1. Out of the total accessible area of the chain (probe 1.4 Å, heavy atoms of protein only), what percent is carbon and sulfur?
2. Can you show me the helix-derived [θ] at 222 nm for the chain, built from DSSP H runs with n ≥ 4 at -39,500 (n - 2.57) apiece and divided by the number of residues, rounded to the nearest 500.
3. Over the chain, what is the mean sequence separation of C-alpha contacts under 8 Å (at least six apart), divided by residue count, expressed as relative contact order in percent?
4. Any idea what the alpha-carbon Rg over 2.2 N^0.38 Å comes to for region 109-194?
5. How high is the FRET efficiency between Ser44 and Asn141 when r is their beta carbon distance and R₀ equals 45 Å, given to the nearest 0.05?
6. Calculate, for the chain, the solvent-accessible area per residue in square angstrom, rolling a 1.4 angstrom probe over the heavy atoms of the protein chains.
7. Note down the magnitude of the dipole of the chain about its Cα centre, charges +1 on Lys and Arg C-beta and -1 on Asp and Glu C-beta and zero elsewhere, to the nearest 20 debye.
8. Could you pull the Rg and Dmax for region 156-221, using just the Cα atoms, both in Å?
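The values are calculated or read from the model by the stated rules, or taken from the named source; none is laboratory data. On a predicted model such as this, the values are computed, not experimentally measured, just so you know. Note: ideal-geometry Cβ built from the backbone for every residue, glycine included; neighbour counts use all protein chains shown. With ligands, DNA and RNA removed, areas are computed over all heavy atoms of the protein, side chains included. Shrake-Rupley method; radii C 1.70, N 1.55, O 1.52, S 1.80 Å.
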Amino acid sequence: MKILTEDYPFIPYFPETIVEEEMMTRSRGFYHHANKRRSIRHFSNRPIPRQIVENIVRTAGTAPSGANKQPWTFVVVSDPKLKSKIRIAAEIEEKEFYKRKITDEWRKDLAPLGTDWKKPYLDIAPIIIVVFRQVYSFDTNKTKRKHYFVMESIGIAVGMLITAIHNSGLVTLTHTPSPMKFLREILKRPINEKPFVLMPVGYPAENVTVPDIKRKKLSEILVWK
């Protein structure tokens, strides 16, 4: 147990007490719920209540991070003009990618997903969440402060963001056009922030379909030692 100090105080932690039977029920139920999650490319334009979006981002913000620096910024874009600018810029990069950068093997692997350079969902989805990684920060005296394990930290936060979106009954898609520096320019973010991923978020379009893909079996992803 950590001894409390004046400079770096610790507070008591009271974990929820759950019997093993309830743990089993919860873990099984959460798996079945999470297993229904799919990446969606066809959205309804139905608006999302702001409070729901804020709760989703709050959840992502509970992720662990190196030295608790919390090196992330979540920019929620709902303005149609900004969404259109993002789509235009993203499609320019994606068109170049599909034309000149993608390998034959990569193209073959993407074929079951039915993707191409066109990204209409960036206009249609009611919001786009753009996640920026903060490579460093500034304190109140404008002194530059280092961040640690930024990529690992923000990767965990994005995973929690995706789970929170699904848990709320909404759908999303992770999109990483390369390069993504246009996002910092369009959204006027500071120099210490770099775009990590953009995610259209909303309700699925009516009668939406998804690729018929399978997830790996537990035996393929779990190793006991």
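1. That share works out to 56 percent.
2. Rounded to the nearest 500, it is -11000 deg cm²/dmol.
3. Rounded, it is 30 percent for the chain.
4. Output field value: 1.33.
5. Numbers: r = 47 Å, r/R0 = 1.05.
FRET efficiency, Ser44 to Asn141: 0.45.
6. Computed with neighbouring chains in place, this is 70 Å² per residue.
7. Numbers: 38 positive and 24 negative charges, 144 e Å.
With Lys and Arg at +1 and Asp and Glu at -1, about 700 debye.
8. When restricted to the Cα atoms of region 156-221, Rg and Dmax are 15.6, 46 Å.
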